[in-house]
1. Those residues that are loosely packed, with under 12 Cβ neighbours inside 10 Å, free of Cβ contacts under 8 Å to residues at least 12 places away in the same chain and not in a helix (DSSP H, G or I), I need them from region 56-68; list them, please.
2. Just to be sure before I move on: is residue 79 within 15 Å of the chain's Cα centre (by Cα), surrounded by 13 or more Cβ atoms within 10 Å (Cβ to Cβ) and at pLDDT 85 or above in the structure I sent?
3. Suppose we filter 53, 43, 10, 71 for residues that are modelled with pLDDT of 95 or more and surrounded by 14 or more Cβ atoms within 10 Å (Cβ to Cβ); which single one remains?
4. Is at least one residue of region 82-93 in a loop (DSSP other than H, G, I, E, B), open to solvent by 90 Å² or more (accessible area, probe 1.4 Å) and either at pLDDT 95 or above or touching a helix residue (DSSP H, G or I) at 6+ places or on another chain (Cβ under 7 Å) (or both)?
Amino acid sequence: RIPCLLAMADGQFDDLLMAMAKKHKNEEELTFSLLSFFERRTDLFHVMETSHDRMGFVPGAAEKMLFKHFDFCQKRYTAQHQPHLLGEPDAEAAPSASSSASSPVAPAASAPASAPPPASASASA
């Protein structure tokens, strides 16, 4: 579960992030820019070497945090937009009942009107 404090900010930066997204060709470029920002301007990638370090994360903690947020958002999206992929027998019969019981607890953000095109196979890494 994602803490309520983070869920309150969900969607708060949509305009700013959409402006960023429009300057990129696809999601792959956008995520690279975001991670590059974290690399250059934060301690997200700094590994704490001792218990006395005041900067960075214990080994594996940053990755775990990123995957936790990715997993949360993916499950929320799937529950809202593709519940048939969840494999729940009653998901198609009563989507509102099953999605409220199985979806993560967080306010639903409205989808942006336009999004960058999906990453193409020809995009360079």
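The values are calculated or read from the model by the stated rules, or taken from the named source; none is laboratory data. Predicted model, so just to flag it, every value in this text is computed and none were measured. So basically every Cβ, Gly included, is an ideal-geometry build from the backbone, and we count neighbours across all protein chains shown. Heads up: the accessible areas ignore ligands, DNA and RNA and are worked out on the full protein's heavy atoms, side chains in. Shrake-Rupley method; radii C 1.70, N 1.55, O 1.52, S 1.80 Å.
1. Listed by number, the list holds a single entry, 60.
2. yes
3. None of the others qualify; the one that does is 43.
4. Checked region 82-93: at least one residue is in a loop (DSSP other than H, G, I, E, B), open to solvent by 90 Å² or more (accessible area, probe 1.4 Å) and either at pLDDT 95 or above or touching a helix residue (DSSP H, G or I) at 6+ places or on another chain (Cβ under 7 Å) (or both).
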